[in-house]
1. Using θ = phi - 60° and the Karplus curve 6.51 cos²θ - 1.76 cosθ + 1.60, what whole-Hz ³J(HN,Hα) does each residue of segment 50-58 get, with Gly and Pro shown as x?
2. Work out how much length Phe139 to Ala117 would gain on full extension: take 0.36 nm times their residue separation and subtract the Cα-Cα distance, in nm to one decimal.
3. Carbon and sulfur atoms: what percent of the 1.4 Å accessible area of segment 34-138 do they account for?
4. Residues of segment 34-138: accessible area per residue at 1.4 Å, in Å²?
5. If the only charges are +1 at each Lys and Arg Cβ and -1 at each Asp and Glu Cβ, what is the size of the charge dipole of segment 34-138 around the Cα centre, to the nearest 20 debye?
6. Considering all alpha-carbon pairs of segment 34-138, what whole percent are spaced by more than 25 angstrom?
7. Could you sort out which of Lys87/Lys122; Lys85/Lys122; Lys95/Lys122 sit more than 28 Å apart by Cα distance in this structure?
8. Report the extension gain between Asn72 and Asp105 in nm, rounded to one decimal, defined as 0.36 nm multiplied by the number of residues separating them, less their alpha carbon distance.
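The values are calculated or read from the model by the stated rules, or taken from the named source; none is laboratory data. Every value quoted in this text rests on a predicted model; they were computed, and no experiment measured them. Note that each Cβ is placed from the backbone with ideal geometry, even for glycine, and that neighbours are counted across all protein chains shown. These area figures cover heavy atoms from the full protein model, side chains too; ligands, DNA and RNA do not enter into them. Shrake-Rupley method; radii C 1.70, N 1.55, O 1.52, S 1.80 Å.
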Amino acid sequence: MVLNILRCMGQPSQQGTDYPAPTFVLLYFNGVSPLLYCLALTIPGAGTALLGREGAMACTVAVEESIAHHYNNQIRTLMDEDPEKYKELLQVIKKFRDEELEHHDIGLEHDAELAPAYAVLKKAIQAGCSAAIYLSERF
């Protein structure tokens with residue numbers, strides 16, 4: 001069941017968004033190892049999956065909420081700077097953000113909040129996400 005839900009969330013949306021490929025291209029051109037990126041994504045997911053379906057969904061909620069928050073910050077920055085200049089980029093970021101929020105909602109619908117120590121688990125995962133975002137913005 002969990003794998004089916006996660007596979008569904010990993011598929012590009014019906015609109016044809018395929019963001020893993022652009023992500024890996026950006027990583028390559030910015031000197032970031034895709035292997036490290038994959039490990040950073042896989043380890044928390046695998047660890048929380050050991051807690052069962054609810055743990056995996058709690059991880060999903062925490063990560064997707066963090067990413068959506070990051071996208072919202074990017075949107076605000078671009079809107080403050082020059083919304084017309086960044087019109088197309090804003091559309092892309094909004095689309096990605098909306099997909100992350102959809103995954104967030106799927107996690108909640110599948111009992112994320114029933115995971116053991118949900119609030120602590122969510123905070124810990126989001127702290128890791130914040131650190132990863134901070135590092136990726138600077139390196």
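1. 5, 7, x, 4, 5, x, 4, 6, 5
2. Working: separation 22, 0.36 × 22 = 7.92 nm, distance 3.30 nm.
Length difference between fully extended and current span is 4.6 nm.
3. Numbers: 3880 of 6360 Å².
Exposed carbon and sulfur together represent 61 percent of the surface.
4. Working: 6360 Å² over 105 residues.
Here the per-residue accessible area is 61 Å².
5. Working: 10 positive and 17 negative charges, 72 e Å.
Using only the charged Cβ atoms, the result is roughly 340 debye.
6. Details: 1391 of 5460 pairs.
Tail fraction, whole percent: 25.
7. Details: Lys87/Lys122 33 Å; Lys85/Lys122 36 Å; Lys95/Lys122 24 Å.
Violating the 28 Å Cα-Cα cut-off are Lys87/Lys122; Lys85/Lys122.
8. Details: separation 33, 0.36 × 33 = 11.88 nm, distance 1.68 nm.
Gain on extension, Asn72 to Asp105, equals 10.2 nm.
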